[in-house]
């Protein structure tokens, strides 16, 4: 075992985290290495000094401190909000008003008064039926939107284009 591993195990041994075979190897190393023995002695002295100092620190009375905290909470006034309810509602109400005005002013979806010149004439509506021929054209007009969908085969490729 080298000194670096031994020093890590010395620290782990203080916490009780070293297995018995490792503890035996550590004891063997400490018997042969004065530097690691000195490290272990300094670690033990440092921990003992810390415990001694920690035991002399006066601890406050928990119950008395708790009552003092409660007293401070009761006596302090809660911070008043600088913004009133009207200030908080101004932005949402303004946004709602803008949306309402926009919906009122903007006309609904209406068909144009006259059809543009480059639009094809409307196709007659007919119920869908199976065609006798293997290739047929399907025309669908959506009553709600007015869109016309035409599905027709491409004679050269034999595939459908929308």
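The values are calculated or read from the model by the stated rules, or taken from the named source; none is laboratory data. Everything numeric here is computed off the predicted structure, so don't read it as measured data. Reconstructed Cβ throughout: ideal geometry from the backbone, glycine too, with neighbour counts over all protein chains shown.
Looking only at residues in segment 1-49 that are assigned to a loop (DSSP other than H, G, I, E, B) and surrounded by 13 or more Cβ atoms within 10 Å (Cβ to Cβ), which one is modelled with the highest pLDDT?
Just the residues of segment 1-49 that are assigned to a loop (DSSP other than H, G, I, E, B), to begin with: 1-2, 15-19, 33.
Cutting the leftovers down to surrounded by 13 or more Cβ atoms within 10 Å (Cβ to Cβ) gives us 1, 18, 33.
Numbers: 1: 82, 18: 85, 33: 92.
Among those that are assigned to a loop (DSSP other than H, G, I, E, B) and surrounded by 13 or more Cβ atoms within 10 Å (Cβ to Cβ), it is 33.
Suppose the filter is in a loop (DSSP other than H, G, I, E, B) and modelled with pLDDT under 80; does residue 128 pass it? Write out each step before concluding.
Details: in a loop (DSSP other than H, G, I, E, B): yes; modelled with pLDDT under 80: yes.
Yes.
Taking residue 89 as meeting all but one of (1) surrounded by 10 or more Cβ atoms within 10 Å (Cβ to Cβ); (2) at pLDDT below 65, write down the number of the exception.
Here residue 89 clears every test but (2).
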